[in-house]
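See structure below.
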Amino acid sequence: MKELDVRGLSCPEPVLILQDALRENKNETYKVLASEAHVVKNITHFANSQGKKTSVKEVGLDFEIIVE
């Protein structure tokens, strides 16, 4: 599992980072660390549009999105 830390970044940058990662290896599972709820929504929406399953967990004040 590869980790992508997009905490503190504004959209669309977090989505573009995930998009690049999926281009490199679409079969990899990614753990995306985010700090904003709207980033979670955008990452989840994008990942689902690419046929990926997502799960979200709150970790303290941040979010952990698993994209598989």
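The values are calculated or read from the model by the stated rules, or taken from the named source; none is laboratory data. Here the structure is a predicted model, which is why all the values come from computation and not from measurement. All Cβ positions, even for glycine, are placed from backbone atoms using ideal geometry, and neighbour counts span all protein chains on display. Calculation scope for accessible area: heavy atoms of the full protein, side chains included, ligands and nucleic acids excluded. Shrake-Rupley method; radii C 1.70, N 1.55, O 1.52, S 1.80 Å.
Quick look at the numbers
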| item | result |
| --- | --- |
| Candidate set: region 37-57, residues that are part of a loop (DSSP other than H, G, I, E, B) and touching a residue at least 12 places away in the same chain (Cβ under 8 Å); chosen: the one surrounded by the most Cβ atoms within 10 Å (Cβ to Cβ) | LYS52 |
| Conditions (1) of a type in the set (Gly, Ala, Ser); (2) at pLDDT 95 or above; (3) open to solvent by 70 Å² or more (accessible area, probe 1.4 Å); number of the one not met by GLY8 | (3) |
| Among (1) open to solvent by 60 Å² or more (accessible area, probe 1.4 Å); (2) touching a residue at least 12 places away in the same chain (Cβ under 8 Å), the one test that GLU13 misses | (2) |
